[in-house]
Structure formats: C-alpha cells, structure tokens
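The values are calculated or read from the model by the stated rules, or taken from the named source; none is laboratory data. All of these numbers come straight from a predicted model, not from anything done at the bench. In this analysis, Cβ positions are derived from the backbone assuming ideal geometry, glycine residues included, and neighbour counts consider all displayed protein chains. Heavy atoms of the whole protein, side chains included, go into the accessibility calculation; ligands, DNA and RNA do not. Shrake-Rupley method; radii C 1.70, N 1.55, O 1.52, S 1.80 Å.
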Amino acid sequence: MITPEIRRRPVSLTPIGWHGQTRLPVVFAGKRHGQRSTIAHATQVLKRALTLVLCIAATLLTVGCHRSTGKSAAARPHVAYVTNGIDSFWVIAEAGAKAGGQKYDADVEVHMPAQGVADQKRIIEDLLTRGVDGIAISPIDAENETDLINQAAGRTRLITQDSDAPKSNRLMFIGMDNYVAGRMVGKLIKEAMPQGGKIMIFVGRLEQDNARLRRQGVIDEVLDRSLDRTRFDPVGAELKGPKYTVLGTLTDGFDFNRAKGMAEESIAKYPDLGCMVGLFAYNTPMCLEALKQAGKLNQIKVVGFDEQAETLQAIKDGTCHGTVVQNPFMYGMESVRVLAALQRGDNSVIPASKFIDIPARQIRKDNVDAFWADLKQKTNGGTKAAAPATKP
C-alpha cells in the first residue's frame, strides 16, 4: 500500500537508454526515493507504451512496403493455363508454363479438360471463384464459348493461346497463323507425293478456330488456290484439283480409339489412298499404327502436325515424310510472361495487333534429330502420348 507521504513525493525518472529514432526511453531508474511499487508500476506502463509504439512502427513499415509493390500478390502473380484437352502437345506447353513461372516469378497452375466444353467451362468458373490474376485459354469451341470468355474477361485478365476466339473480349492471342501452317503441311504433301494423288485429312474437331484454319490451309495449298483465310470447304465434300484430290476430312471428337478406327477404315475403303494427313498431335501416330497393322507402311505417305514422339521417330525411320510443328513450350512460357506483366501493371506486353506470332516450322529427316534433342532438353527427356481420361 502506498502511504499518503509517498503520494505527496513524486518520483523522478531518468532515462538511461533510448530506442532508435523514436526517442523513447527503454530503461528508467528512480532517484533514491525508495518507492519500489511506484517505480515498478511506472516501468510497466512505459514497457506497454514502448510495445505499442513498436507495433505501430512495424505496421507503418509493412504499409510502406505494400505501397511500393502494390498488393502482396503483385510480387508473385497467380495465373492459370487452360488447354483444350489432354495430349502430349499440352505436356510440352505445361513444361513451358512452369518454366515461365520460375522465370517471371509467378505461381502457375495448368488445367487440361478431359470432357470437352463442359469441363473447360467448369474449370474457368472455378478459377474465377478462386480469384486468379489471369487466365490463358485455348478455347475448344470459340463460337459457343464467347459468352463464357467474355464473362471471364470481365473478372480477370484473359488471353487466348494456341486457338483464338477473335470475336471475344480477350486481351490478345498467343500462337501462330494456323492458315499459313496448314499451307506448310500442304507443301510437305507435295514433296511426299509429287506426282499427285488422293489425300485423307484426320483431325479431332473443327469447332476450334485453329483446326478450321489449319485444314483450309492444307486444302488451298494442294489445290493451288490463292490465300483466303475466310474460305471454308464442306467437310464431307470430295475436292479435286489439277493433281491432288482431297477425299474428305474425318473428325474423331478427340477420341484416340475412334481416330485409329477412322484411319483403318480409310485404308480399307480407299485402296488408291496416297497420303494420310494428321492435323492434331495424336492423329499421325494413330495413322501410323493403322498402316503398320495393315502392312502398308511406306506404301501410303504420311504427313503430320505437331511433335509427338511417335511422329518424330517415324520421320527418323522414313515412314513419315515430315510434320509441321508449333512451339507449345513457348506458348506456355509467353502466356505466363504476359499475364504476370499485366498483373504488375505493365500493359506494354500487349502489341498493337493483339497477336504474338510464334511461327510454325517444318520438320523433316534432315533436321529431326536437332529438333528432338532440343525438345527433350526443354521437357526433361521428351514426351509420350497422353490418353484422355474420358471421351470428350
């Protein structure tokens, strides 16, 4: 208990230490009054005050850091890369996206829809609910997914890659000119079968913008037509040119078993079939397998698209004349670069054309080894065919 006498005799406190630039006393001593209770009480009060000041200082420091970098997520954006299915092509793209995450300091998640448009829609809706900073999507059906893409573009940064949705509100497209790539395939057909002949085209589906343009490029090239990206020939029609005849275009709905079955049927139905053309990554290996089982390897020419391991090996072996490859590794990496930059406020990554062109290349026997070695290095050993979990 403090006596009245002690209350009348104030305690004088002398600081013997100071805390940084805050100029707060950190230790005090009483001036020989002997009022231990009063000194202890005052010390506790000052300790509490010091703790409060330190907390405030820490808060101000944190706010200052946030002001300099934006929200905390700005230092490491969270972006998503959404494919149009499951395939070895997308395994390469995934490797590129993950490499982009390391290079551009971003968290990256890759999603491969196994069940078509409905699955892709579910993935996008989930990403929006979780508030990702950006999405790079390869639309399965651009015409019928425009509303979905526009809704997503209204809630996050959205770009298209591999296949475009030009009528949507996407910020930009990363990929190649698929019509030009198709004409490159047509040139390979002319090399493989210079005397002319009959051709069958195999592709997963034509709802995708890239597939339509790619197919049309092939047809226009072998029929010696002028360049016209707006042209679209009926799928079931037989198209005849001076030297080449396109028997038709067979779509398999991204079903590997169906793709092989269609190849087998074509071999049996058209004994004079001269060349089989696969426009999706898995189509060429399915054609090669069907030809092997029929005992017609090297009798019917094969021209492919993309860089599946079976296709590259067939080029080495001489059972496939060549393939036109995209650069899915760079699709993934560039998508992450652009989305990460946009999240950090750098809009200069969007070109005036809203298109980053990553050109296609022709792979033949003379350059397949070098190409494959580079691919293996980027993907830690190469890729194998990836079968879809369920039919789309």
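Where a Cα-Cα gap under 16 Å defines reach, which aspartates and glutamates qualify for residue 243, not counting those fewer than 8 residues away within the same chain?
The qualifying aspartates and glutamates are 191, 220, 221, 224, 272.
For the stretch 157-206, state the average projected area of the convex hull of the C-alpha atoms over all orientations, rounded to one decimal in nm².
Average projection, Cα convex hull of the stretch 157-206: 4.6 nm².
Ranking request for peptides 334-342, 127-135, 217-225: highest mean number of other beta-carbon atoms within 10 Å first, then the rest in descending order.
With the highest mean Cβ count within 10 Å placed first, the list reads 334-342, 217-225, 127-135.
How much of the accessible area of the stretch 82-220, in percent, comes from carbon and sulfur atoms when a 1.4 Å probe is used?
Here carbon and sulfur together make up 47 percent of the probe-accessible area.
Would you mind checking the pairs 198/316; 98/378; 187/354; 103/378 and listing those with alpha carbons more than 19 angstrom apart?
Over 19 Å apart, Cα to Cα: 198/316; 187/354.
When only alpha-carbon atoms count, how far does the stretch 198-355 stretch along each of its three principal axes, as whole angstroms with the largest first?
60, 33, 26
Compute the projected area of the convex hull of the Cα atoms of the stretch 294-370, averaged over all viewing directions, and report it in nm² to one decimal place.
With every direction weighted equally, the projected area is 7.0 nm².
As a test, work out the antiparallel percent of DSSP beta bridges whose residues both lie in the stretch 150-300, rounded to the nearest 5.
Antiparallel bridges: around 10 percent, rounded to the nearest 5.
Listed highest first by mean packing, meaning other Cβ atoms within 10 Å per residue, what order do 312-319, 80-87, 294-301 come in?
Packing order, densest peptide first, comes out as 80-87, 312-319, 294-301.
Taking the C-alpha atoms of the stretch 185-262, how large are the radius of gyration and the largest Cα-Cα span, Dmax, in Å?
For the stretch 185-262, the Cα radius of gyration and maximum Cα-Cα distance read 12.5, 36 Å.
Give the peptides 272-285, 104-117 in descending order of average Cβ contacts within 10 Å, highest first.
Highest to lowest by the protection proxy: 272-285, 104-117.
Diagonalise the Cα gyration tensor of the stretch 220-297 and give the resulting equivalent ellipsoid semi-axes, square root of 5 times each eigenvalue, largest first, whole Å.
So the three semi-axes of the stretch 220-297 are 24, 15, 11 Å.
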